[in-house]
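Q: What follows is a single structure, and I will ask about it in a moment.
The values are calculated or read from the model by the stated rules, or taken from the named source; none is laboratory data. A quick note: this is a predicted structure, and the numbers were derived from the prediction, not measured. Note: ideal-geometry Cβ built from the backbone for every residue, glycine included; neighbour counts use all protein chains shown. In case anyone asks, the SASA skips ligands and DNA or RNA and just uses the protein heavy atoms, side chains included. Shrake-Rupley method; radii C 1.70, N 1.55, O 1.52, S 1.80 Å.
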Amino acid sequence: MNYDAMLPTSIAPGKLKSTLSKIFELPETDVDVNHSDYFGERNWDAKVTCDYEEKVGDVKIYLDIYAVDDIDTLPSSQEFALRLANLLCSSVIQQVDEPLYGVAKITTPSGETGYVRFDFPYEDEEIHVISGTEVPIPEFPKVGFSRFPEMIKSQNLPKIITDQYFPKEVPGDLGKLYSLSSAWEKLTVRMRTGWPPSGWYPASMYQDDLKARDEWEEICHRLAEETTAGPTKAMALIDRIFIESTVDDSGDSLVRAGEISTEDLASRPWYWRRRPKDAPWVEKDH
């Protein structure tokens, strides 16, 4: 298994070796740590190999780690980051699964996780400068906080019900219904899985989901009943999950978030007056 890590502090090779032996529960003789440019004597029989490379800017060192599959204790990427941050007393930055320019995941020594944003001021030099963060970074206390909504949209979420009831080819208005149904189903998945990836969801995005549900109704009414039979069954099932995952607050949460007025709510469909049980924007939005 491969692991990557960028550290905002310089760490001696010996310290890296002892740390990796603890994480993978191996003797240090089974761990090989070397500079990426070093091609001399290496422990080719090591179960864990780590190539490191010095960097310039807010990132001081990059680690490229490989662990053989037959190691008894093989942590997930997140578990690895948590243990590495704790043992080194250093924040750990990792690439994200869905690459977005300038965005990476960070784990702090205290166990907090979130995302950081990099600026790359020099095109010809790989200089990493952290310009924003979702969580406090002990190494950079002056970096400003901001949420990264693009990370929410990059999540690959299932849409099992929608795919089950729509035909394989969905052109025209039916294709639009498919997209809107997918968006509505993904909202229910977000609710049930704790609002990935960072446990928050802005009220403005929730309102966009409600508007998508409105548009679904408008398009559905324009199409023949035989065409919409499957999509209607799908929406009924998704609506049921939506109801189970929300509470009726008469739309008060959206009003308090400043997304809609009480007067406007009066003419909106029933789902506009329901909010998620945990309302992730009430206390978490910045």
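Q: Expressed as an acute angle from 0 to 90° and rounded to the nearest 10, what is the orientation of the C-alpha long axis of helix 172-192 relative to the principal long axis of the chain?
A: Between the helix axis and the principal axis of the chain, the angle is about 60 degrees.
Q: Hey, what do the phi angles of region 263-275 turn into as Karplus ³J(HN,Hα) couplings, whole Hz, using 6.51/-1.76/1.60 and θ = phi - 60°, x for Gly and Pro?
A: Coupling constants for region 263-275: 5, 5, 5, 4, 9, 8, x, 4, 5, 5, 9, 10, 10 Hz.
Q: With contacts defined as alpha carbon pairs under 8 Å and 6 or more residues apart, what's the relative contact order of region 71-177 in percent?
A: Details: 126 pairs, mean separation 16.1, N = 107.
Computed value for region 71-177: 15 percent relative contact order.
Q: Using DSSP to define loop residues, name the trypsin sites (Lys or Arg not before Pro) in region 231-265 whose beta-carbon has at most 15 other beta-carbon atoms within 10 Å. It would help to have the intermediate numbers written out before the result.
A: Numbers: sites: LYS233, ARG240, ARG256; in loops: none.
Filter output for region 231-265: empty list.
Q: Using only Cα atoms, tell me the angle between helix 203-222 and the longest principal axis of the chain; keep it within 0 to 90° and round to the nearest 10.
A: The helix 203-222 is inclined about 40 degrees to the chain.
Q: Same structure, new question: From the C-alpha gyration tensor of region 137-182, pull out the three semi-axes of the equivalent ellipsoid (sqrt of 5λ each), sorted largest to smallest, in whole Å.
A: Numbers: eigenvalues 313, 25, 8 Å².
In descending order, the three semi-axes are 40, 11, 6 Å.
Q: Give the lysines whose C-alpha is closer than 20 Å to that of LYS15, dropping any in the same chain fewer than 8 places away, or say none.
A: Excluding near neighbours in sequence, the set is LYS47, LYS55, LYS60.
Q: Could you tell me how many degrees, from 0 to 90 and to the nearest 10, lie between the Cα long axis of helix 225-244 and the main elongation axis, the longest principal axis, of the Cα atoms of the chain?
A: 60
Q: Can you tell which of VAL255, PRO197, ILE238 lies farthest toward the positive end of the dipole of region 179-286, using +1 and -1 charges on the Cβ of basic and acidic side chains (Lys, Arg; Asp, Glu)?
A: PRO197
Q: Another question about this same structure. Can you give the FRET efficiency for GLU54 and ARG192, using 1/(1 + (r/R0)^6), R0 = 41 Å, r = Cβ-Cβ distance, to the nearest 0.05? Could you put the intermediate results ahead of the total?
A: Working: r = 44 Å, r/R0 = 1.07.
Using R0 = 41 Å, I get an efficiency of 0.40.
Q: Just the C-alpha atoms of region 164-212: what Rg/Rh do they give, with Rh taken as the Kirkwood radius?
A: On the way: Rg = 12.7 Å, Rh = 12.0 Å.
Ratio of gyration radius to Kirkwood radius for region 164-212: 1.06.
Q: Sort largest first and round to whole Å: the equivalent ellipsoid semi-axes of region 1-58, each the square root of five times a Cα gyration tensor eigenvalue. Write down the numbers at each step before the final one.
A: Working: eigenvalues 74, 40, 20 Å².
After scaling each eigenvalue by five and taking roots: 19, 14, 10 Å.
Q: Search the structure for amide H atoms under 5 Å from the amide H of VAL247, placed 1.01 Å from N in the peptide plane, and list their residues when 5 or more places away or on another chain.
A: Correct list: ARG275, LYS277.
Q: First compute the accessible area of region 176-286 with a 1.4 Å probe, then give the percent of it belonging to carbon and sulfur atoms. Each step should come with its number before you reach the end.
A: Details: 2560 of 5430 Å².
Looking at region 176-286 in its full context, I get 47 percent from C and S.
Q: Can you give me the distance in nm between label points at GLU41 and ASN2, each placed 7 Å from the Cα along the Cα-to-Cβ direction?
A: 3.0
Q: What dipole magnitude, in Debye to the nearest 20, does the chain give about its Cα centre under +1 on Lys/Arg Cβ and -1 on Asp/Glu Cβ?
A: Numbers: 31 positive and 51 negative charges, 199 e Å.
The calculation lands at about 960 debye.
Q: Still on this structure, I have one more. Within the chain, what's the longest stretch lacking GluC sites (Glu not before Pro) that sit in DSSP loops with no more than 13 other Cβ atoms inside 10 Å? Each step should come with its number before you reach the end.
A: Numbers: sites that count: GLU25, GLU41, GLU123, GLU125, GLU126, GLU169, GLU283.
For GluC sites (Glu not before Pro) (loop position, at most 13 other Cβ atoms within 10 Å), the longest site-free span of the chain is 170-282.
Q: Over its Cα atoms, what ratio of radius of gyration to 2.2 N^0.38 Å does region 45-88 give? Please report the intermediate quantities before stating the final value.
A: Details: Rg = 12.3 Å, N = 44, 2.2 N^0.38 = 9.3 Å.
Here the answer is 1.32, to two decimals.
Q: For region 110-252, what number results from the quotient of the Cα radius of gyration and 2.2 N^0.38 Å?
A: Working: Rg = 19.8 Å, N = 143, 2.2 N^0.38 = 14.5 Å.
Dividing the Cα radius of gyration by 2.2 N^0.38 Å gives 1.36.
Q: Moving on to the next point. Per residue, how large is the accessible surface of the chain? Use a 1.4 angstrom probe and give square angstrom. Intermediate values should be presented prior to the final figure.
A: Details: 14970 Å² over 286 residues.
Heavy-atom SASA per residue in the chain reads 52 Å².
Q: Using a Förster radius of 45 Å, what is the FRET efficiency between LYS168 and GLN95 based on their Cβ-Cβ separation? Nearest 0.05, please.
A: Values: r = 34 Å, r/R0 = 0.76.
Approximately 0.85, to the nearest 0.05.
Q: Could I ask something else about it? What pairs from LYS17/LYS142; LYS153/LYS277; LYS105/LYS168; LYS105/LYS176 go past 26 Å between their alpha carbons?
A: On the way: LYS17/LYS142 31 Å; LYS153/LYS277 21 Å; LYS105/LYS168 36 Å; LYS105/LYS176 33 Å.
With Cα atoms farther than 26 Å apart: LYS17/LYS142; LYS105/LYS168; LYS105/LYS176.
Q: Out of all Cα-Cα pairs in region 5-155, roughly what percent, to the nearest whole number, are more than 20 Å apart? If you can, show how the numbers build up before the last one.
A: Working: 5669 of 11325 pairs.
Every Cα pair in region 5-155 considered, those over 20 Å come to 50 percent.
Q: Thinking of the chain as a set of Cα atoms, what percent of all their pairs are more than 28 Å apart?
A: Working: 21271 of 40755 pairs.
Value for the chain: 52 percent of Cα pairs lie more than 28 Å apart.
Q: Give the percent of DSSP beta bridges with both residues in the chain that are antiparallel, rounded to the nearest 5. Write down the numbers at each step before the final one.
A: Details: 29 of 37 bridges.
That works out to approximately 80 percent antiparallel.
Q: Of ALA229, VAL56, GLY132, which is farthest along the charge dipole of the chain in the positive direction, counting Lys and Arg as +1 and Asp and Glu as -1 at C-beta?
A: Ranked along the dipole, the leading option is ALA229.
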